[in-house]
1. Report the residue count in the range 270-314 for those that are under 21 Å from R350 (Cα atoms), open to solvent by 10 Å² or more (accessible area, probe 1.4 Å) and of a type outside the set (S, T, N, Q).
2. Restricted to the range 130-155, and to residues that are within 16 Å of the ligand (Cβ to nearest atom) and of a type outside the set (A, V, I, L, M), which residue is most open to solvent (accessible area, probe 1.4 Å)?
3. Is it the case that L167 is over 20 Å from Y60 (Cβ atoms) and part of a helix (DSSP H, G or I)?
4. Are any residues in the range 215-240 touching a residue at least 60 places away in the same chain (Cβ under 8 Å), open to solvent by 50 Å² or more (accessible area, probe 1.4 Å) and not charged (D, E, K, R), and if so, which ones?
5. Output the residues belonging to the range 95-110 that are open to solvent by 20 Å² or more (accessible area, probe 1.4 Å) and touching a residue at least 40 places away in the same chain (Cβ under 8 Å).
6. Go through the range 241-250 and give me each residue that's touching a residue at least 40 places away in the same chain (Cβ under 8 Å), out of contact with any Cys (no Cβ under 9 Å at 6 or more places or on another chain) and not aliphatic (A, V, I, L, M).
7. Between a residue in the range 74-94 that is farther than 20 Å from V172 by Cα and any residue that is among the acidic types (D, E) and in a helix (DSSP H, G or I), which pairs come within a Cβ distance under 8 Å, given they are 6 or more apart or on different chains?
8. Does at least one position in the range 61-69 carry a residue that is among the small types (G, A, S) and near the ligand (Cβ under 10 Å from one of its atoms)?
Amino acid sequence: MTFFGKLKKMMNPFSSTQVAKEEDTEKVEPGEGVRGRPKIHVLATGGTIAGRLVSTGPRYRAGVLGFEALLDAVPALRGLADYSGEQVANIGSQDMDESLWLKLAHRVNELLASPDVDGVVITHGTDTLEETACFLDLTVRNPKPVVLVGAIRPVGALGADGPVNLLDAVTVAVNPSSVGRGVLVVMHGSLFEARDVTKVSSSALPAFAAPNSGPLGQLIDGRVYYGHRTGLSPKRPVFDISNLDKLPQVDIVYGYAGASTLPVKALVDAGCRGIVSAGVGNGNLHRDVLAALANASGRGVVVVRASRIPSGLTLRNVEVDDNRFGFVAAGALNPQKARVLLQLVLTRARKPEEVQKAFDNY
Ligand code: GLU
């Protein structure tokens, strides 16, 4: 049976009160497409794009609908590509974790290696979408398009944005200009690179921005317009995860006036391999926290200075003497993405200068 034949068995999530149950979701194998049309594989992980309004308790539940129900809700998708897909998870992305990142990355690498897949679209909750995008950007080697997409309003809400976002994501994935641009994110008519995109609003539809670089392109009336060439560095680190089944422990400590040293001490005592500081301003640190992190660095914990400020760069040796303390400066990466990169770098290096090089090259 073709993919769309299987889709016919599914209900339209906008049509009634029915909700796709886990058992309704079915894995559809790649390669069922009509020859000559792009073949897109959908990896569904949950989030608001697969969420639904509920009448009691919290207003909605993320990660309810299966991927086939999502596709079925947007008939225009059929004109763009042939689809295969699978449900990798069905969670709110606040529950995303490293084992799921690795599972996704392994699967994406495997799928893209197949001639039966021209691109992958990943539906994802928006809370941690930027971190998954960053992880995949650093671990997927194949130049075929990988596009992450989410939604701010759940199915059933007025002006639900999931359907158009999904259509836009596939529009990007099937466009030849999307090849070789690294992992991409599509939200609210904008196209972003994984490295700089971040969630900037917890409620507004334009919830994502790339504060330093701006969007890579726009989606208007079902077409993608690329604004500028990708800034992918030829030296960009790409990590081979084929033999990895877990990542080193790296945590984030937040900076604020009068910051406590307790989190740093607790993390060092717990054997944490790396600490990312979400510092103030240019990644600055309260003097007590600076001393605690210097001590951690002296004990072999890799310390990366990032900033809680949403835009701008965290540069080396401005107010903090990174050379003296063996710290690494995160550059354009926000703390949560600095953590992703540090976890990956620590799988193959631990000297601060090697870690700094990876940050400089991304
Ligand atoms: N917290 C949920 C998640 O990240 C819902 C938010 C959303 O998807 O926009 O999956």
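The values are calculated or read from the model by the stated rules, or taken from the named source; none is laboratory data. This one's a predicted model, so the numbers in the text were calculated from it and none came from an experiment. With ideal geometry, Cβ positions are generated from the backbone for all residues, glycine too; neighbour counts draw on all protein chains shown. Accessible surface areas use protein heavy atoms only, side chains included; no ligands, DNA or RNA. Shrake-Rupley method; radii C 1.70, N 1.55, O 1.52, S 1.80 Å.
1. Result for the range 270-314: 11.
2. Going through the qualifying residues, I end up with R153.
3. Values: over 20 Å from Y60 (Cβ atoms): yes; part of a helix (DSSP H, G or I): yes.
Spelling it out, L167 is indeed over 20 Å from Y60 (Cβ atoms) and part of a helix (DSSP H, G or I).
4. Scanning the range 215-240 gives no hits.
5. Hits for the range 95-110 are M96, E98, S99, L100, H106, R107, N109.
6. Answer for the range 241-250, where residues must be touching a residue at least 40 places away in the same chain (Cβ under 8 Å), out of contact with any Cys (no Cβ under 9 Å at 6 or more places or on another chain) and not aliphatic (A, V, I, L, M): S242, D245, K246.
7. Close Cβ pairs satisfying both conditions: Q87/E22; N90/E22.
8. Going through the range 61-69, the residues among the small types (G, A, S) turn out to be 62-63, 66, 69.
Applying the additional criterion that residues be near the ligand (Cβ under 10 Å from one of its atoms) yields 62-63.
The answer is yes, given that some residue of the range 61-69 is among the small types (G, A, S) and near the ligand (Cβ under 10 Å from one of its atoms).
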